[in-house]
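The values are calculated or read from the model by the stated rules, or taken from the named source; none is laboratory data. Source: prediction; values computed, not measured. Here the Cβ positions follow ideal geometry from the backbone for every residue, glycine too, while neighbour counts run over all protein chains shown. Heavy atoms of the whole protein, side chains included, go into the accessibility calculation; ligands, DNA and RNA do not. Shrake-Rupley method; radii C 1.70, N 1.55, O 1.52, S 1.80 Å.
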Amino acid sequence: MGDGVAKVVNRLREAQENGKLDLSECGLTQIPDAVYMMMKDITVQSCDLSQNLLQSLPKKFCSKFSKVTEMNISGNKLHTLPDELRNLQELQDLDASSNNLDRIPQVVFQCVKLKQLNVHSNCISEVDVMRLEAMDSLETLNIKGNPLPDDVKSQLSDSRLNIIKS
């Protein structure tokens, strides 16, 4: 068994015990089917897929792990997030930093319990501040390291949210 495969299997066994799925730094380009099989009847509360090579998040992933409250998908190559992310109705903390997002994906606005959103170090130049403001649960937005125009920076400065932008 290769080192990468063994690492994933060991992490899945840990997740079966503690409900925290940590597949960070596993060199993943996709989510292996073994993840779905081994975690079939396990409630996952926390999911860390950071520092991999993912270009997309599978639709199936969001459906199979619908009880996740914390998700870290930072340090991948994501350009967008699947609409199925809205199935994560318990999601409170989303770290999508250091990806290739050019805007905050529309599906994020459907995450009704989201409190913390981290999108620093992407390519975001457009922000719908009014939609962010309309998210009752959202408390903190980390948007530093993005090429924001001055008018967006000004709107964010006037926001009720705790904005981390520099």
inquiry  = What do you get for the angle between helix 3-18 and the principal long axis of the chain? Use alpha-carbon atoms, 0 to 90 degrees, nearest ten.
reply    = 80
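Once you have the Cα-Cα distance between Ala6 and Ser157, take 0.36 nm times their residue separation minus that, and quote the gain in nm to one decimal.
This chain segment gains 49.7 nm when fully extended.
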note = Mean projected area (nm²) from the convex hull of Cα positions in segment 23-166 is 7.6
query = So what J values fall out for segment 96-103 if you push phi through Karplus, 6.51 cos²θ - 1.76 cosθ + 1.60 with θ = phi - 60°, rounded to Hz, Gly and Pro as x?
reply = 10, 5, 6, 10, 10, 6, 9, 7
query = Counting other Cβ atoms within 10 Å of each Cβ, which GluC sites (Glu not before Pro) in segment 6-36 have at most 16 and sit in a DSSP loop?
reply = Glu25
query = Among Ile164, Val119, Thr43, whose Cα sits farthest toward the positive end of the charge dipole of the chain (+1 at Cβ of Lys/Arg, -1 at Cβ of Asp/Glu, about the Cα centre)?
reply = Thr43
query = Which value, in debye to the nearest 20, gives the size of the charge dipole of segment 88-142 about its Cα centre, when Lys and Arg are +1 and Asp and Glu are -1 at the Cβ?
reply = 60
request  = Sequence neighbours fewer than 8 away in the same chain don't count; with that in mind, list the aspartates and glutamates whose C-alpha is under 20 Å from Lys40.
outcome  = Glu14, Glu17, Asp22, Asp48, Glu70, Glu84, Glu90
query = List the lysines whose alpha-carbon lies under 22 Å from that of Lys153, not counting same-chain residues fewer than 8 positions away?
reply = Lys115, Lys144, Lys165
task = Place a +1 charge on the Cβ of each Lys and Arg in the chain and a -1 charge on the Cβ of each Asp and Glu, then give the dipole magnitude about the Cα centre in debye, rounded to the nearest 20.
result = 260
query = Which value, in Å² and to the nearest 10, is the accessible area of Lys153 when all protein chains are kept and the probe is 1.4 Å?
reply = 90
